[in-house]
Each structure stands twice: as structure tokens, then as C-alpha cells.
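As C-alpha cells, the structure follows; a few thoughts come after it.
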Amino acid sequence: MPQEHELIATIAMGLVLAYPLGYLALRLGLPPLVGYLLGGVVLGPFTPGFIGDQEIANELAEIGVILLMFGVGLHFSVADLLAVRRVAVPAALAHIGKGTVLGILLALIWGWSFGTGLVFGLALAIASTVVMLRAFEDRHLLDTPTGRAGVGVLVVEDLVIVMALVLLPAVASGLGGQAGASVAVQAAAGSLPLKILLTLLKVAAFIALMLVLGQRLLPWMLARTARSGSRELFTLGVLAIALGIAFASAELFDVSFALGAFFAGVVLAESDLSHRAAAESLPFQDAFAVLFFVSVGMLFDPSILVREPLSVLVVLMVVMIANPLAVFTVLVLLGRPLPMAATIAAGIAQIGEFSFILAALGVSLALLTQEAVALILAAALLSITLNPLAFLAMGRLAAWLERRPDLMARIERWRLAAPEPAEEVAAAGPPSGHVVLVGYGRVGRLVGHGLAAAGVPFTVVEEDRRTVAGPRRQGVAAVRGDATDPAVLEEAGAAQARLIVVATPEGYRTRRIVELVRELNPQIEIAARADTDAEAADFARLGVGAVLKPEREVGAGLLAHALRGAGEPAERVAALVAAARTEGWEIDRSPADEPERHVPELRPHRDPS
């Protein structure tokens, strides 16, 4: 194949292999990223057939890392973290500490260096955000105290690894690898403490610049772009901010692409447009994330399962047994209920994307050998595949302890905090006989206020973190998530609701929501908004009982005001307004065109001259 086609070939073959394998993994009840990794294995140099260009794949993977970290930043909430800090911080530190120490011990036993063991241990101690969130969603736990605590653990771990990604290049030479900092930094830094200090100063300068200048400039830029009305320009602006800041942070501040993209997301998270920015960047994030997993799979040598089965088993035990038990123990000693401790411990019993990022960085800094990377990838593939078994095992452990009050009494003597009140952690059952309100923007808030004034119980479904906080403060049930996800609709009680109101403007999302709701509750009444006649007709075919067009409703309101001002009787005003709503009159349409409709001819006045 011509060399100039290597980029196209790598992207095409990566996606072509990832698609069917990801679908097969999903059908088998596994996360799709298992299939993406296997696609990379097929594409890699260790299996026969077409071999992708590893250098190009790594460049594409870097874009995936940037967009992944940008997405993490967009959903990062300091308030959420502070609310669960007493659970999240100790659990995350226990997880990272236990995994890192065991990784170092294994490295020394196997004759590796301390630096290799440090990176290896860190890679074994970082759970996959994608896998854990998906597991919690499947179990309807995200909006419970257990779910919020689990997400808090992920956030703390992400922050620790972000700092590790920044510091590792600066300290690599001291750990026996190749320094990754710039030439200027290496010349100026004669000792390891000075290198760390210079790195931290640069990071601090970058963060300060982003929080002071970026927090004002970036949301303003996006707001101006949004007002232009061009969707493609808005999407371009989001990608330009994510990739541009990531590149500039690396070039100007020696900060990793990942950290630069992360803080770009954090800054935009405070903007009113953060939800839209996340939605517009999600398809690109998903596509390049797939290529990232494919590129990582290309590094994996399947023969290690035959050559080093014992080493693979030991590493897998660290990830799926030792690390979860450390987290479980810490949470129990902190007085957290056994089900909460067991669920969070099971959620972190796997490794994923950040482990791959660390592995790739370790290879580039000459701190990790291909054998170590192969062990990490093998542990990732197996732990992700077997993660559902971890939930089963940890659940049985919690049940076993609950049946032994004498043992629990001994454990209580070592507790570092009072037990959590049961009512604070018990997950409430889904409501019933209520209204589900999807979307809480200007239209959704108007509907919600009316329902509240009438005393009608309702549950809000909204993706934006800050928006969903409003109804919660007022005592209204609110679920944060995407209503096109069946788990989110189930959590909102759509199966038991009597009515769902879809107040979001995106027709394709409304269509998908209607289809899912009909599967959950065939008898439910549905009301939705439509922006075009084609959408209205489509929704009507899907069984939507009330379809409202914003422009038509505004026109009907103005018509009513005009007719009343012209002195028309109330009965005639009501009849004409009702006809306007149902017929959707247009200028220059006459009764002769549609004789069955007995409505006035609507023609604008024309000056005879």
C-alpha cells in the first residue's frame, strides 16, 4: 500500500475491526471497549494479516486522550467532590496506595527497577471511568449516595493521575528512564527537587492563567459563537478550544496534552454552554476514543498469556482482589454501610483508559518494557471482562459479614468514624403515577413551575449538573443523565409514570426518547415539541398524543391578541385560534387550495398602486 495512504488505512481498518468486535462484546454482556482492544490486537504486529501503522495510531490515540480528558473536565464538579470527600479521598488513596506498593514489590521480585515498578503499580491502581460508570448506570446507582461516592473516587483518582502525568516526564531521568521535559528545563534543573519545583511552578502558572483569563475568555467566545446560529461553527469552536489549549499547554508550559485539555474542560464547565459543548464534542470524543483503544490493543502481544500465565494471574489478582479489598476495608472502617463499601470496591476492580495512558507514557520515557505493558494490557482485558463477577463476589462478602454480628462487632472497635445512617444511603424506589419532564431549560422550567403550582408530582430528567441542582433545591425529584439512555428513564420512573413531557428541542433525541418510553410503558401519555411539520407528523406516527410547535404557539397567541384588539367576539377568537393551531395557516394559502377547510383567506394587504 502506498505510504501516503497509511493514515487512511489505519483509521479505516481500526474502525472496521472495532465495530463488529465492539458489537459482539456488547451482545455478550461485556463493555464495547473489550471489542475495541481486540480489534487493535488483530490490527497489531503480533497477529497475522494487515498491520496498522503504530506511529500513526499513537498520534490518533493522543487526540483521543485530549478529547477524553476534555470530556472529564466538562463534567468535573468541585461541589460534588467536596460533598463526598470523606468517602472519596480515603478510598481513592487506599486504592492507589495499595496498587502502587504491590506493583513496586512485584517489579523488584521480577528484577525490574524501582522506576518501572512505580509506573507499573500506578497503572494497576487506576479504575476505568468508562467501565465503572457503565456498571453503576446498569444498576441504577448513579443518583444514589453510593453512586455519588463512587464518582467521587474516580475524580480523586483522575486528579492524582493527572499530576502523575505531569510529574513523570520531569522525574523520569531520576527513576532510570529518559527525561521527558524540555531541553531548557533539563539544562536548568540540576537536581530532582528542582525539576519537580519547576514543573509545579509551570503547572501553577498554567492553571492560574486558565482560571483567571480562560474563565472569562473561553465562555465569552463560545457564547458569541452560539449566538451566530451556526452549529458547525460552534462544534469547531469546541474542538479548537480542546485541541488548541492542549497543544499550547504542552508547547508553552511543558504540561501534558491531557492536563491542558482537562483544564479547558474545567473552565468551560462553569459556562451555561457546557452541556451543549459536551454534546457537540461527544461524537468526536467517542470516535477517537475507539481509535485510542485500538492503538493500545496494537501493543498487546497475546502470546504473553502462554509465555507468562503465572505473572498475568498475579497481576490480575492485584487488580481484582487486593485493590478492591483495600478499598472495602477502608470504607468499612470509616463507618460506611457494607452494601456501599462492597459496590464501590467492585466498581474499581478493573483498570482501563488511564492505565493505558500511563503505560504509553512509561514506554515513551523508557520506564516500562514491552513485557510490563503486555501484563498491564492483559490485566485490563481480563479485569474488564470479569468485572461483573467482582460485583457478585463483593456482594456475597458483604452478605457474609452481615450474617456474622460477632465479627462486625469486632470490626466496629476499629472504626474511624460513626456508621452512616441507613436512611441516608438507602436507594429510594422509583416514583409512580407522576409526570416525567425531560429537559429543564426555558420551556421545561415553565412546565415544571406550572406542575408544581397545580400540585402535580413530577420528576425532572436533565443532563446539565447545575441545571439539575435547581429543582433538587426546591424539593423536586431530579435525575441527572441523558434521557436517550434507558437506565436514566427507568431511574426517573418512566415505567410507572402517567405522562412524559419532552421539552428538548432536538428532534432526533425526542424520537429516540419516545421509542424507549413506549418500550418501558406502552400506556403512557406523551407530549413533545416539534420544530417542523415533518417532525410533528413523525411524532404523531410514533403515538405522541400532543405535539406542539413553538412558532405556531407564538403565532396563535399573537393572533388571539390581535383579534381581541379588533373587537372580535370571544367565541370567534377561540375558534380561529384553535384553527390556527391545528391547520398551521400560511400566507397566501386560500380556501380554494383546500376546499374542505373553512378558514378565512390569509393574504397580506397589497397597495393597489
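Results, tabulated for the structure shown:
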| item | result |
| --- | --- |
| Computed over segment 246-324: relative contact order in percent, which uses C-alpha pairs under 8 Å that are six or more apart | 13 |
| Sulfur and carbon atoms: percent of accessible area, segment 243-392 [1.4 Å] | 74 |
| Peptides ranked, highest mean first, by Cβ atoms within 10 Å: ranges 316-325, 148-157, 301-310, 564-573 | 148-157, 316-325, 301-310, 564-573 |
| Order by protection proxy (mean Cβ within 10 Å, highest first), peptides 258-267, 226-235 | 258-267, 226-235 |
| Heavy-atom surface of segment 436-572, accessible at 1.4 Å and reported per residue (Å²) | 50 |
| Extension gain, Glu59 back to Gln523 (0.36 nm per residue minus Cα-Cα distance, nm) | 162.0 nm |
| Vicinal HN-Hα couplings computed from phi for segment 295-312 (Karplus, 6.51 cos²θ - 1.76 cosθ + 1.60; Hz; Gly/Pro x) | 5, 5, x, 5, 7, 7, 9, x, 5, 5, 5, 9, 6, 10, x, 5, 5, 4 |
| Protection-proxy order for peptides 215-222, 433-440, each taking the mean of Cβ atoms within 10 Å per residue, highest first | 433-440, 215-222 |
| Solvent-accessible heavy-atom area per residue, rounded to whole Å², over segment 217-327 at 1.4 Å | 42 |
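The values are calculated or read from the model by the stated rules, or taken from the named source; none is laboratory data. Predicted, not measured: the structure shown is a model, and the values here were computed from it. Cβ sites come from the backbone with ideal geometry, for glycine too, and all protein chains shown count toward neighbours. What goes into the accessible areas is simple: the full protein's heavy atoms, side chains included, and nothing from ligands, DNA or RNA. Shrake-Rupley method; radii C 1.70, N 1.55, O 1.52, S 1.80 Å.
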